[in-house]
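Every number in this text was worked out from the coordinates using simple rules, so none of it is lab data. Keep in mind the model is a prediction, meaning the values are calculated, not measured. FYI the Cβ positions are ideal-geometry reconstructions off the backbone, even for glycines, and counts take in every protein chain you see.
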């Protein structure tokens, strides 16, 4: 374990802390096509609220920096005494790489985040200190121990944190202009007992809340920084209904006093639809959308997983009641419960189409560590050895053996469900189904006329027209079927639908044989066109094939023809565009006179950076005048 020097209060030099949010692998929730192709000046959806809260818990004289790798590259040699790296399960691979890199270079490495809270044992060999659980009490203790030169290996919250003790996040340390929305948190915990959910494991079943005045102070800071869109990241904002109504009444008054400055969104349970007062307050406070875990239209599956709050009601009627209040519905769905069969996929498709839910996150049931589902499947010996699919339930796979389906059949049906949902017809039909009930939406755009015109122009040029006459016809059918005041909402749904379509095309690998053929054709092209460089050993090209992955590997060991960086780049870019393959680009030796060629190549590939692993030495990284944060940057060659 690295040792910290004693840092007493009397010492003039303050502790320097670097907090890093690792890069997320692209997922359903990235909406990468929308962010890159349509929205203006945004890099990703939400900032790391947890790190901003952690920064606020530090002593006043500490020098704290937050780097979100999703919007900027991590510093290779930061001026820091401590490097803290947070992470959800989907970020674990990158979190591990960052911890290894900084620890090897003598920095004191601290691990935290939701995955470290669930599985602190996975970090014993990765970090000098692991922080597990809510940070309000244990992080200040860590800071005091650091100043005394005696930090512990593990800080684990075993008690109950009072949310009124949570500080105002350090929004000033975040590049807020890079995010589409900014996150706030009012409550932690959920009263329900869904078998698959890890929220009650981490936060308990008795929701705890901040005071409305705490939220007001946070909103004041965001308003000063010209933030308009706010996402309450509570796992269930209405888990404690009396407290939720108290907050909403406060927000209604706040919005009136500030001319309805904010557009809000949040997560809530479906019983929102049956509470007229809650719906009225949501609308009055300017909540334009709500994410709801619907999971399944099959009541037996809901009962099996203890999702009782969704039973005993007509789910379709409930969704439409929320629409009638002017609030859009985003929803999560799950297939793979023991009650489910292959017919369940058709039932899910029909419900999603009839409900008009455009942002429908359908996932295969996944057993997360520490959840009741995980423990039950472990006892039944149905868990699979691979944990890859335990990190992202929006990928085509899972980590256990289904009961009433063959695994491969389930995965194929899952891919096929998404393929149907992403068709132009399905996108248009859902919009028409929704706008039949959602006639007076709360949500309003805070764009200038020129910003709105630019977004619409990019959407038409990059989204509608490339789809040809049929997509144009479907688009026109949606705008002509509703009032003009609904058109911004229609365009938003089209953007979401096309972003999902783009993600699925690149990641679901619906044609593995075709992908391998295309990858092999690209390899042959490179080997034939640049045979001289291959013979000299300045270039190497190969394919790595496994059952679940195709990787094109390129290594540059010296001077390569300049046309390689244009001709090969076009072929590789097209391959990444058409398939879900990954690319490894390693530069061992490189003539600086060709630097601009490399920058051009990387610029072309940055659109698909999540699937491009870059192996660059430190000197080359410093010479490149390009943002490398969009790539999977391999930090340590060892």
Over region 512-634, relative contact order from alpha-carbon pairs under 8 Å, at least 6 apart, %
21 percent
Go through [x] 96, 84, 55; [y] 74, 72, 58; [z] 104, 48, 37 and flag the label whose value is the computed Cα extents along the principal axes in Å for this structure.
[y]
Between the alpha carbon centres of region 487-564 and region 310-386 the gap in Å comes to 33 Å
Given the DSSP H assignment, sum -39500 (n - 2.57) over each helix run of at least 4 residues in the chain and divide by its residue total; what's the result at 222 nm in deg cm²/dmol, nearest 500?
-11500 deg cm²/dmol
What length, rounded to one decimal in nm, is gained on full extension from residue 409 through to residue 228, with 0.36 nm per residue of separation minus their alpha-carbon distance?
60.7 nm
Using the beta-carbon distance between residue 549 and residue 473 and R0 = 45 Å, what value does 1/(1 + (r/R0)^6) give for FRET efficiency, to the nearest 0.05?
0.75
Quick one: if you stick a label point 7 Å off each Cα along the C-beta vector at residue 513 and residue 220, how many nm between them?
6.6 nm
Difference of contour (0.36 nm per residue) and Cα-Cα distance, residue 306 to residue 448:
46.5 nm
Sorted by mean Cβ packing within 10 Å, highest first, what order do the peptides 565-574, 80-89 take?
80-89, 565-574
What residues of region 191-207 lie in the reach of a label at residue 119, counting those whose backbone N is under 19 Å from a point 7 Å from the Cα along Cα→Cβ?
196-203
Percent RCO, i.e. relative contact order, over the chain, from Cα pairs under 8 Å lying at least 6 residues apart
11 percent
Report the label-to-label distance for residue 432 and residue 104 in nanometres (one decimal), using points 7 Å from each Cα along the Cα→Cβ vector.
5.8 nm
Work out the FRET efficiency for residue 525 and residue 627 from their Cβ-Cβ distance, taking R0 = 30 Å, and round it to the nearest 0.05.
0.60
Modelled FRET efficiency - R0 30 Å, residue 380 with residue 485, Cβ distances, 0.05 increments
0.05
